[in-house]
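Data first, discussion second: the structure below is written as structure tokens.
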């Protein structure tokens, strides 16, 4: 899919910003990045989620990526 996922159109983007960042840094995934979680994660909040749900989702993803 190379970062061209369905929801990017709702943000008026061609490519997922996380995918673009990983490719630019030549990483296999975000778990290899020392800045995880970064602003990209915090700024890409699903509007249907509460702030608490959003932060918990970030925490859960970071745990999986760093495992």
**Prompt:** How far apart, in nm, are two points set 7 Å out from the Cα along the Cα-to-Cβ line at residue 42 and at residue 8?
**Reply:** 2.4
**Item:** Length added when fully stretched, residue 25-residue 52, from 0.36 nm per residue minus Cα-Cα
**Value:** 6.8 nm
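To the nearest 500 deg cm²/dmol, what mean residue ellipticity at 222 nm is calculated for the chain from DSSP H runs of n ≥ 4 alone, each contributing -39,500 (n - 2.57), summed and divided by the residues?
Computed ellipticity for the chain at 222 nm equals -12500 deg cm²/dmol.
FYI, it's all coordinate maths here, none of it is from the lab. The shown structure was predicted, so the numbers you read here are calculated from the model rather than taken from an experiment. Note that each Cβ is placed from the backbone with ideal geometry, even for glycine, and that neighbours are counted across all protein chains shown.
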